[in-house]
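A short worksheet on the structure shown next.
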Amino acid sequence: MAYAPKTIEPKWQSFWEKNQTFRTEPPSSKKPKYYILDMFPYPSSSGLHVGHPEGYTATDILARYKRARGFNVLHPMGWDAFGLPAEQYALQTGVHPAVTTSKAIETFKRQLSSLGFSYDSNHEISTCDPQYYRWTQFLFLKLFERGLAYQKEVPVNWCPALKTVLANEEVVDGKSERGGHPVFRMPMKQWMLKITDYAERLLQDLDRLDWPESTKELQRNWIGKSEGLECRFQLDGGSGEIEIFTTRPDTIFGATYLVLAPEHPLVGAITSAQQQAAIADYQKQASQKSELARQDQSKQKTGAFTGAYALNPFNQQKLPIWISDYVMMGYGTGAIMAVPAHDQRDYDFAQAYQLPIKTVVKPADHAPSEGCFAGEGVSVDSDFISGMPTTQAITAVIQRAEKEGFGRRKVQYKLRDWLFSRQRYWGEPFPILHDDSGASIPVAYEQLPVTLPDVQSYEPSGTGESPLAAITEWIQAPGGLKRETDTMPGSAGSSWYFLRYIDPRNSGAPFSAEAEKYWMPVDLYLGGPEHAVGHLLYARFWTKVLFDCGLVTHDEPFQKLVHQGMILGEDGEKMSKSRGNVINPDSVVEQYGADTLRLYEMFMGPLDRDKPWDTKAIEGVFRFAQRAFRLVTELPDAEASDADLKVLHKMIKKVTEDIEGLRFNTAISAMMVFVNHFTKNEKRPRALMLPFVQCLQPFAPHLAEELWEFLGQTQLSRTPWPVFDAALAKDDHLTIAIQVMGKTRGTVEVEPGASQDAVHKAALEIPTVQNQLAGKTIKKVIFVPNRILNLVVG
RNA sequence: GCCUGGGUGGCGAAAUUGGUAGACGCACAGGACUUAAAAUCCUGGGUUCCGCAAGGGACGUACCGGUUCGAUUCCGGUCCUAGGCACCA
């Protein structure tokens, strides 16, 4: 009998399907829960990529293992189904995005089921299903009610080629992430979510999470908290004032001019008559500049003088006010005090326009500094803070400003509100109506969902409005109200899908309180690092809002997060069609079977590392599967020797611990050692094959089921995990290294716990050790029981 | 420029609180089986030097230095590489 994955695999897949083997028990279950989640895929029409099965196999191994350990496991799969590609395709072909999407979902389902993942299809969801987005709209209304969703005229990333507005994350180097079209800044009325209200909590609560440190750091940087002084400068001669923000208040005596963002609301009012033309010219130029052009000139500072002056509140010094696009309206107050001696950007600007540079901080080590010194040191020429080290000077300046009433301590975040509307068809409609004045009126909860109308044309209007704006009968709502025509971004549905998975067919609420209490938070969330700030931050934000609404009992959704590495092409480069190094999982399954693909992807290396694909190396894993098959089905039975038992228990121990630690590559190598041991003996004790097959089950479930059946057993997937005997998993004799001066010169076989004397005596028998000791005296002996003996000689 | 990872044989990698570096797999070489090949099984191997051999010596985890009886592991510095952020005051 030969190993035939092509017959085995479909057989067990339909067996599981028929028996509902992986059905998740309801929250009333007495078992402890384990919620293991994959980042759900966008069902692209090109189907599964080999990167998908990497993460999905890892979570499937854990899900199968946890079931065997007595947990009620929720391990669902679903579809992040709204998105631009289906709409782009519709534009070209006229095929409705819903059709394209459901076709793609079918392909994904077929591919995933061919890999033997233990999903419970009763928990499947799709974000474009009205019974799903009904609740996305419901949750949006909750945000709206709390004042966390608002409309605002904001400069947005307008992409003329795509005829839509893009989020900052969708713009890379001034071009659209998709298509690489140029993107421009343009003011438009947009829906925004007030994620900035949650900046501090989103930052603080990171400390509680079992997440990769790198991802937490990325989020911290993204939130970008900094503390400093917000300070008002009176206008010279006129009335009014300009507020600036600085993290270096200690340098305020070195300020030689102020800079406002070109869009700053005060620019028009303060500009002197003779500067009007120059300023207007510069403002126009700045607004028309695309992001790309702005970055191209990042070195070359430009600006214009307003003709106005402000007074430094600390010494009444008169400072010219300039505008420049190196100051952004979106951060701080949109205005800065420029200290060219101690800030590189201010320095560059001062150089370009011959503005004065005044040094007020000296490096502590008095190192001669050329140009601009941005580090900390000691204040000089700075009135009451002269002689103070930087940290002390900062505090002193803030205190004085607060006492005098022209400034205050201020915490700033780089995080900005979340641009939440898209001028597209294929997304969730906003459950919002507008009256003639433009005011927003929420659609009543019982009227949800607001479904997408069927349209003939997906062409955006090009004026910035969504294609929905052309469907006049849809727009009209009772009472003379008009529907909002923007739709939500793709990240809306993915910000809470993990909550719908727990209770996916609930028609009275997004999820029941009982289900939430039982299942949340997610115990392990696995997905690519590319979502480190976008999706993972948004999902945390929504969860915190729902927590504040009393809808959930945990304010962090994902207790533990792990990123899988990227699977690279055989050339070590990222897989891409243009490079021609893409591997199709279907063809691997066709050639070797799903179990081999699963084993191979787990054996390649550590889960969280990038790994190049190696078609040759799959052979090795395939050979292992064949050997395992032959071992159980062909080798003659035998009595288990002590050595056999040790090999078994060591293997169970290693596999168990490695699954817990997500070290699947070394778990597989432990099973290889086991198989090699018996293959070499040319016989295998039948009784020891049972726990081996149980260990194999999470990794190669079809093969394991087949072997289990061969051994006369049933229901492998419901069999408890094998336990190892700690005593048997230990060696009964050890090899101790004998070192002279820290270099290994030989080894000694001893029983565990052998005494120093015994080891020392045996060590002196070794010729190479004797050679090394010849003519020398032992000055010191280091003995680590069961490890090493080190002789230090003089 | 800033923040994170990573750098170990020909290749993917292992070594879980400092204790025999290279488990397991690929590729390779030799052998068994075979008329032959494939498949399978067994054996070998970091580099280098001495030796016919058994064996022994030196070097070796990106590079330089430090701590230690002992460092892939800890500390300081440098280089390379991948990813992220980037005029954020």
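The values are calculated or read from the model by the stated rules, or taken from the named source; none is laboratory data. Predicted model only: the values in this text are computed from it and were never measured. Backbone-built Cβ (ideal geometry, glycine too); neighbour counts: all protein chains shown. Accessible surface areas use protein heavy atoms only, side chains included; no ligands, DNA or RNA. Shrake-Rupley method; radii C 1.70, N 1.55, O 1.52, S 1.80 Å.
Couple of notes before you dig in:
- Exclusive hit being near RNA strand B (Cβ under 10 Å from one of its atoms), open to solvent by 40 Å² or more (accessible area, probe 1.4 Å) and of a type in the set (A, V, I, L, M), set A:Leu229, A:Leu260, A:Leu218: A:Leu218
- Qualifying residue in region A:702-725 (condition: touching a strand residue (DSSP E or B) at 6+ places or on another chain (Cβ under 6 Å), hydrophobic (A, V, I, L, M, F, W, C) and assigned to a loop (DSSP other than H, G, I, E, B)): no
- Residue within region A:138-157 that is in a loop (DSSP other than H, G, I, E, B) and within 30 Å of A:Thr57 (Cβ to Cβ) present: no
- Residue satisfying condition, being within 27 Å of A:Lys6 (Cα to Cα), in contact (Cβ under 8 Å) with a residue 24 or more places away in the chain and within 14 Å of RNA strand B (Cβ to nearest atom), within set A:Pro606, A:Pro585, A:Pro612: A:Pro612
Residue-wise test of (1) away from RNA strand B (no atom under 12 Å from the Cβ); (2) outside any strand (DSSP E or B); (3) more than 30 Å from A:Pro182 (Cβ to Cβ); (4) at pLDDT below 90.
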| site | (1), (2), (3), (4) |
| --- | --- |
| A:Phe253 | yes, yes, yes, no |
| A:His264 | no, yes, no, no |
| A:Gln276 | yes, yes, yes, no |
| A:Asp281 | yes, yes, no, no |
| A:Leu292 | no, yes, no, yes |
| A:Phe314 | yes, yes, yes, no |
| A:Pro320 | yes, no, yes, no |
| A:Met337 | no, no, yes, no |
| A:Ala341 | yes, yes, yes, no |
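- Pick from region A:764-774, criterion more than 9 Å from RNA strand B (Cβ to nearest atom), among the aliphatic types (A, V, I, L, M) and part of a loop (DSSP other than H, G, I, E, B), ranking: farthest from A:Ile736 (Cα to Cα): A:Ala774
- Residues within region A:627-658 that are more than 10 Å from RNA strand B (Cβ to nearest atom), in contact (Cβ under 8 Å) with a residue 60 or more places away in the chain, touching a helix residue (DSSP H, G or I) at 6+ places or on another chain (Cβ under 9 Å) and over 21 Å from A:Leu711 (Cβ atoms), tallied: 1
- Selection within region A:534-560 - buried (at least 17 other Cβ atoms within 10 Å of the Cβ) and among the β-branched types (Val, Ile, Thr): A:Thr543, A:Val545, A:Val552
- Residue among A:Ala726, A:Ala763, A:Ala704, A:Ala700 that alone is small (Gly, Ala, Ser) and over 42 Å from the mean Cα position of the chain (by Cα): A:Ala763
- Region A:494-523, subset of a type in the set (Gly, Ala, Ser) and more than 25 Å from the chain's Cα centre (by Cα), residue farthest from A:Glu124 (Cα to Cα): A:Ala513
- Helices (runs of 4 or more DSSP H) completely within region A:579-633 that count 3 or more residues being polar (S, T, N, Q): A:615-633
- Here the condition is being on the phi < 0 side of the Ramachandran plot, in contact with a helix residue (DSSP H, G or I) (Cβ under 7 Å, 6 or more places away or on another chain) and at pLDDT below 75; of A:Arg201, A:Arg178, it holds for A:Arg178 alone.
- Test: residue in region A:120-132 that is assigned to a strand (DSSP E or B) and touching a residue at least 12 places away in the same chain (Cβ under 8 Å): yes
- Helices (runs of 4 or more DSSP H) contained in region A:1-117 and holding at least 2 residues under 30 Å from A:Ser457 (Cβ atoms) and open to solvent by 20 Å² or more (accessible area, probe 1.4 Å): A:84-93, A:97-113
- The set of residues from region A:454-469 being within 25 Å of A:Val156 (Cβ to Cβ) and surrounded by fewer than 18 Cβ atoms within 10 Å (Cβ to Cβ) comprises A:Val455, A:Ser457, A:Glu459, A:Ser461, A:Gly462, A:Thr463, A:Glu465.
- Selected residue (criterion: nearest to A:Asp732 (Cα to Cα)) from residues of region A:775-793 that are within 11 Å of RNA strand B (Cβ to nearest atom) and assigned to a loop (DSSP other than H, G, I, E, B): A:Asn786
- Unmet requirement for A:Thr391, which otherwise passes all of (1) over 41 Å from the mean Cα position of the chain (by Cα); (2) among the hydroxyl-bearing types (Ser, Thr, Tyr); (3) open to solvent by 60 Å² or more (accessible area, probe 1.4 Å): (1)
- Residues located in region A:245-280, provided they are in contact with a helix residue (DSSP H, G or I) (Cβ under 8 Å, 6 or more places away or on another chain) and hydroxyl-bearing (Ser, Thr, Tyr): A:Thr246, A:Thr256, A:Tyr257, A:Thr271
- The single condition among (1) in contact with a Pro (Cβ under 8 Å, 6 or more places away or on another chain); (2) over 30 Å from A:Gly55 (Cα atoms); (3) crowded, with 20+ Cβ neighbours inside 10 Å that A:Trp496 does not meet is (2).
- Residues (within 15 Å of RNA strand B (Cβ to nearest atom) and open to solvent by less than 20 Å² (accessible area, probe 1.4 Å)) located in region A:699-736: A:Phe699, A:Ala700, A:Ala729, A:Ile736
- A:Glu428 vs. criteria of a type in the set (D, E, K, R), out of contact with any Gly (no Cβ under 6 Å at 6 or more places or on another chain) and farther than 17 Å from A:Leu139 by Cβ: no
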